[in-house]
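The structure appears right after this line, and notes come after that.
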Amino acid sequence: MIPHLISWNVTYRCNLRCPHCYLDAREDKGANELSTAEALGIVDQIAALAPGAMLIFSGGEPLLRPDLVSLVRRASQQGLMAMLGTNGTLLDEEAIVSLVSAGLAGAGISLDG
């Protein structure tokens, strides 16, 4: 069975400290994250395994990854529907324009996160 929707927690870092967080995400939790090259490789593997799938970049807060635009761009170039799961606090016009230009198809903003 080929997955049609994949949600990937690309970081454990977060700018909030929500008591209900299942990841115990916080700003100092990014030490063991994949490098940009490793993460791009994962995007390629997902595209090969599940062509055309929806790939949700989540976390923690994915906007804390400085390479998020590159990951979105690669996903879009590989034919995946790139989506964002965010708490919304770091979204500004510059971030939105960059992400949409890279191929972001949509975003979900958590109202309790």
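Tabulated results
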quantity: Residues of region 54-78 that turn out to be of a type in the set (Ser, Thr, Tyr) and touching a helix residue (DSSP H, G or I) at 6+ places or on another chain (Cβ under 7 Å), as a count; calculated: 2
quantity: Helices (runs of 4 or more DSSP H) enclosed by region 27-113 - at least 3 residues per element that are of a type in the set (D, E, K, R) and at negative phi; calculated: none
quantity: Failed condition for residue 52, given (1) open to solvent by 30 Å² or more (accessible area, probe 1.4 Å); (2) more than 18 Å from residue 3 (Cα to Cα); calculated: (2)
quantity: Residue within region 3-23 that is farther than 18 Å from residue 91 by Cβ, in a strand (DSSP E or B) and open to solvent by 80 Å² or more (accessible area, probe 1.4 Å) present; calculated: yes
quantity: Some residue of region 49-58 being modelled with pLDDT of 95 or more, in contact with a Gly (Cβ under 9 Å, 6 or more places away or on another chain) and among the β-branched types (Val, Ile, Thr); calculated: yes
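The values are calculated or read from the model by the stated rules, or taken from the named source; none is laboratory data. Since we're looking at a predicted model, the values are computed, not measured. Don't worry about glycine lacking a Cβ; one is built from the backbone with ideal geometry, like all the others, and counts go over all protein chains shown. Surface areas here come from the heavy atoms of the whole protein model, side chains and all, with no ligands, DNA or RNA. Shrake-Rupley method; radii C 1.70, N 1.55, O 1.52, S 1.80 Å.
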